[in-house]
Amino acid sequence: VQLQASGGGLVQPGGSLRLSCAVSGSIDSINRMAWYRQAPGKQRELVAVITSGSITNYADSVKGRFTISRDNAKNTVFLQMNSLKPEDTAVYYCNALITWVNYWGQGTQVTVSS
C-alpha cells in the first residue's frame, strides 16, 4: 500500500491550497483517511479526519477554513485549505487506516508567508 500526497506549496496569508492523497496497492477496506501536520519544533497533530461513512472531524484551529473530502472510487482524500494563516505552515501528512492498519504518505510542505 502506498500513499502519494501532492498539492503543497507557498501561498500568501488569506490564500488557498488543495492537498490530494491517492492510495494505491492492495486495498481491502479503507476505514478512515486523515490529514496530520507537523510544524518545526512541534509534535505532529491531527488536522482533519473522514470516515468511510464520510463523517468528518476537524481540529479547532482549522474549523471553518479547511474541508476534508474523499473520492472512494479513486481512493483519494483531499484537503481544501482556505483563509490560510502563517501558523498553518507545516509539513502535511496523509494517513489511511486500511483494514485497521495505519499507513502514512510522504509529507508535503505548506508554507504560508508574505
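We did not get these values from a lab; they are worked out from the coordinates using the rules stated. Values in this document were obtained by computation on a predicted structure and should not be read as measured data. Glycine also receives a Cβ, built like all others from the backbone with ideal geometry; neighbour counts cover every protein chain displayed.
Number of residues in the stretch 60-114 that are in contact (Cβ under 8 Å) with a residue 40 or more places away in the chain, part of a loop (DSSP other than H, G, I, E, B) and surrounded by fewer than 20 Cβ atoms within 10 Å (Cβ to Cβ): the value is 11.
Across the stretch 19-38, what is the number of residues that are under 25 Å from Glu87 (Cα atoms) and surrounded by fewer than 14 Cβ atoms within 10 Å (Cβ to Cβ)?
Qualifying residue count, the stretch 19-38: 0.
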